[in-house]
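Note sheet for the following structure.
The values are calculated or read from the model by the stated rules, or taken from the named source; none is laboratory data. Everything quoted here is computed from the prediction, not taken from an experiment.
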Amino acid sequence: MDFDSSDNSNTQFASKIKTQTFKQFQLERLIKDGKVIPASKLAEAKEQELQRVRVFEAASEDQQRHNRTATPPPTDKLPLTRERFEE
């Protein structure tokens, strides 16, 4: 049974055949449904959460520093307020 190209003269390439196991199919379906998160997405989400924590801690320290160094307004003067502009 030799393969003879003359037998397949009218055969054309259509596309690559996708083969996967049932386990791979299940995993793809779970990822698509959002029930399972891939490890790469999980690491990215963890990095974003750590970044948010760092930004929050920096803002908290900055606010505490501002509260210590800010001078309170004088009590003998009236606070500056704006009157509502009406046409």
Residue hits (the range 12-52; of a type in the set (K, R), modelled with pLDDT of 80 or more and outside any helix (DSSP H, G or I)) are K35
Could you list, in sequence order, all residues of the range 53-75 that are among the aliphatic types (A, V, I, L, M) and assigned to a helix (DSSP H, G or I)? V53, V55, A58, A59
